[in-house]
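Note sheet for the following structure.
Every number in this text was worked out from the coordinates using simple rules, so none of it is lab data. Just so it is clear, the model here is predicted, and its values are computed rather than measured. Note that we place each Cβ from the backbone using ideal geometry, even for glycine, and neighbour counts take in every protein chain shown.
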Amino acid sequence: MKKEDIFEIIARNTCEVIPELEGHVFKPSDRLTELGANSVDRAEIVAMTMEALSLQIPRVELFGAKNIGELAEVLYEKSKSV
Amino acid sequence: MKNQNQSELLITGVGITSAIGQGKAAFTPALMQGQHAFRVMQRPGRQKDTSFIGAEIPSLSYPERFSKRVLRTASFSGQVAMVTLQEAWDEANLAAVDPSRIGLVIGGSNLQQRDLIQTYENYKDRAHLVRPTYGISFMDSDLCGLCTEQFGIRGFAYTVGGASASGQVAILQAIQAVQTGQVDICIAMGALMDLTHWECQALRSLGAMGTDRYADEPAMACRPFDKNRDGFIYGESCGAVVIERADFAMSRQIKPYAILSGWAVAMDGNRNPNPSYEGEVQVIRRALEQGNLSPQEIDYINPHGTGSTIGDAIEIKAIQDCQLSHAYINATKSITGHGLSAAGTVEIIATLIQMKESRLHPTRNLENPINSSFNWVRGQSVPHDIKHALSLSMGFGGINTAICLQNAK
């Protein structure tokens, strides 16, 4: 799967968790916190994305991503190594 | 347990969601006409090569202001709790009350079993992917979180458990919270207990839930107090009532449904599901005594009446021996099914609605009453102005509760 596809999955899941974002044009620099996601929402978005990618990695390895673009990047790297 | 100020406690708001209707406007005519929704249950997780009969809520309508974000992760029990509370909240105009003076007691435990089994079945082979929100939603107290967040309640909120008496136990706790001045308003809720095929099977194997006897005639299966009953039939439901002091209600110009005139709880000292004649007599007598009521003053009884073979027989004997067989009696569960944790509150609400309507609802399938000397309301509703009502609840583990209501008209 391409990095852009993973970005789209994150955007879609973010919209599902925060329906108010429907119509929002997601950019790689978007930060989940600034989009209104609380800690539970962020955990949920990450879990939904891992589920979509069938990833089995410790969540700690995803720490450090500062925005959606970086999260897509980390998930892309992990998905390549599975 | 004598309460000198008992007449000052009122019920001023009511919310109801059941298989026969969401909200009083739908529930009331269905109740009076004895409409039912019994069939082989369809909700995912309710059957596994089985055909358990029950009554399921056909659809829920949500107020506009409910956040889709919250509803997405709320369990069915949580969603039903929120819509039910909304009705009671609006009726008692609680938006105008200081939120730090409002409390919430939710009756029921292990309410969200169907969510649990569905989560397990979905993630049993990939546990690392289980949704983080399940870490919140599996707890019964999530219903407290959902409701207090949605309605801005800032007093207190907790859950209480009393098996099938949970709904009345919640009311008893709410009474105490208002009586002691902990809050000015307390909402008591009997929450929806969302059964799976596991609980249905175990309850049937216990001899509590009805058998396959009426598998081809689901409408006939729920028959409290009838000679051909063979167990309770489940019915999804949830009820909420608002309790406050008379002076507080008066200052807010809120018209009450009824006065809470007497109440009691009595334990049998028995862990098992079997009923106790002594416990039931005890709780009825205590509630009447606390309300300064003679048995002759009670003119309507809303019994526990599940359709249990032993339970109904014991209850009828207890009512008779408490000199109450003159009173009108019907069985709400014959129409709604048994809401388990919700039942105690739902049946208080059914009683309040009958008071307001000056009419008693029929009892479905009561073709051959187990005791014909009682004043049964059977095939049709009957006009009657309730003055004093008695409502009973019993639960596994030897809990008996009773609440007396005085018409506030």
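Looking at the stretch B:82-154, which trypsin sites (Lys or Arg not before Pro) are DSSP coil and have at most 10 other C-beta atoms within 10 Å of their C-beta? Counting only loop positions with at most 10 other Cβ atoms within 10 Å, the trypsin sites (Lys or Arg not before Pro) in the stretch B:82-154 are B:K124.
For chain B, the alpha-carbon coordinates run over 62, 53, 40 Å along the three principal axes, in decreasing order.
Pairs to check: B:K317/B:K387; A:K78/B:K68; B:K24/B:K409; B:K227/B:K255; A:K2/B:K48; B:K24/B:K124. Give those whose C-alpha atoms are more than 30 Å from each other in this structure. A:K78/B:K68; B:K227/B:K255; A:K2/B:K48; B:K24/B:K124, as the Cα separations exceed 30 Å there.
Here the calculated FRET efficiency for B:H128 and B:Y158, from their Cβ-Cβ distance with R0 = 41 Å, stands at 0.80, rounded to the nearest 0.05. In chain B, the DSSP-assigned H stretches of four residues or longer account for a calculated mean residue ellipticity at 222 nm of -10000 deg cm²/dmol, using -39500 (n - 2.57) per stretch and the full residue count as denominator. With springs connecting C-alpha atoms under 10 Å apart, model chain B as a Gaussian network and identify which of B:S137, B:S61, B:S100 has the largest mean-square fluctuation. Looking only at B:S137, B:S61, B:S100, the biggest GNM fluctuation is shown by B:S61.
Among the GluC sites (Glu not before Pro) in chain A, those placed in a DSSP loop whose Cβ has at most 10 other Cβ atoms within 10 Å are A:E22, A:E34. Using only the alpha-carbon atoms, how far is helix A:68-81 inclined from the longest principal axis of chain A? Give it as 0 to 90 degrees, nearest 10. Around 20 degrees separate the two axes. Under 5 Å from the amide H of B:A19 lie the amide H atoms of B:E236, each residue being 5 or more positions distant or on a separate chain, with H modelled from the backbone and absent for Pro and chain starts. Kindly state, to the nearest 0.05, the FRET efficiency for A:S39 paired with B:S325, given R0 = 51 Å and r defined as their beta-carbon distance. Once the sixth-power term is evaluated, E becomes 0.30. Relative to the longest principal axis of the Cα atoms of chain A, helix A:3-17 runs at roughly 50 degrees. Using Cβ point charges alone (K and R +1, D and E -1), the dipole size of the stretch A:3-80 about the Cα centre works out to roughly 260 debye.
For helix A:39-53, report the angle its Cα long axis makes with the longest principal axis of the Cα atoms of chain A; keep it between 0 and 90° and round to the nearest 10°. Helix A:39-53 sits at roughly 50 degrees to that axis. Taking B:A25, B:A165, B:A342 in turn, the Gaussian network model of chain B (Cα-Cα springs below 10 Å) assigns the largest fluctuation to B:A25. Considering only B:A318, B:F396, B:Q380, and ranking their Cα positions along the charge dipole of the stretch B:316-409 that arises from unit charges at the beta-carbon of Lys, Arg, Asp and Glu, the one farthest toward the positive end is B:Q380.
Entry note, chain B: relative contact order of 24 percent, from Cα contacts under 8 Å with a spacing of 6+ residues.
Sites listed here are GluC sites (Glu not before Pro) in the stretch B:1-98 whose DSSP assignment is loop and whose Cβ has at most 13 other Cβ atoms within 10 Å: B:E64. For B:N371, no residue whose modelled amide H falls within less than 5 Å of its own remains once neighbours fewer than 5 places apart on the same chain are excluded.
Comparing B:A331, B:A191, B:A219 in a Gaussian network model of chain B, where Cα atoms under 10 Å apart are tied by springs, the biggest mean-square fluctuation is seen for B:A219. For the residue pair B:K317 and A:K66, what label-to-label distance in nm results when each label sits 7 Å from Cα along the Cα-to-beta-carbon direction? Here the answer is 7.7 nm between the modelled labels.
At q = 0.16, 0.19 Å⁻¹, what log₁₀ I(q)/I(0) does a Debye calculation on the Cα points of the stretch A:3-80 give, no solvent, two decimals? Ignoring solvent entirely, the Cα scatterers give -0.50, -0.72. Could you list the residues of the stretch B:158-196 with an amide nitrogen less than 17 Å from a label point located 7 Å from the Cα of B:T119 in the Cα-to-C-beta direction? Residues B:193-196 fall inside that zone.
In this calculation the C-beta distance from B:E64 to B:E289 is compared with R0 = 45 Å, giving a FRET efficiency of 0.40.
Two numbers describe the Cα atoms of the protein assembly as shown: Rg and Dmax, which are 24.6, 80 Å. The phi torsions of the stretch B:356-369, fed into the Karplus equation with coefficients 6.51, -1.76 and 1.60 and a -60° offset, translate into couplings of 5, 7, 6, 7, 9, 6, x, 10, 6, 6, 8, 7, 10, x Hz, rounded to whole numbers, with Gly and Pro shown as x. Basic side chains Lys and Arg get +1 at the Cβ, acidic Asp and Glu get -1 at the Cβ, and with that the dipole of chain B about its Cα centre reaches some 460 debye. Placing +1 on each Lys and Arg Cβ and -1 on each Asp and Glu Cβ, with no other charges, gives the stretch B:1-103 a dipole about its Cα centre of roughly 420 debye. Database remark: amide H of B:G162 closer than 5 angstrom to the amide H of B:G108, B:S109 (H placed geometrically; neighbours at sequence offset of 5 or more, or on other chains; Pro and chain starts carry no H). Along the charge dipole of the protein assembly as shown, pointing to its positive end and built from +1/-1 on Cβ of Lys, Arg, Asp and Glu, which listed residue (A:S79, B:I185, A:N13) has its Cα farthest out? So the residue we want is B:I185.
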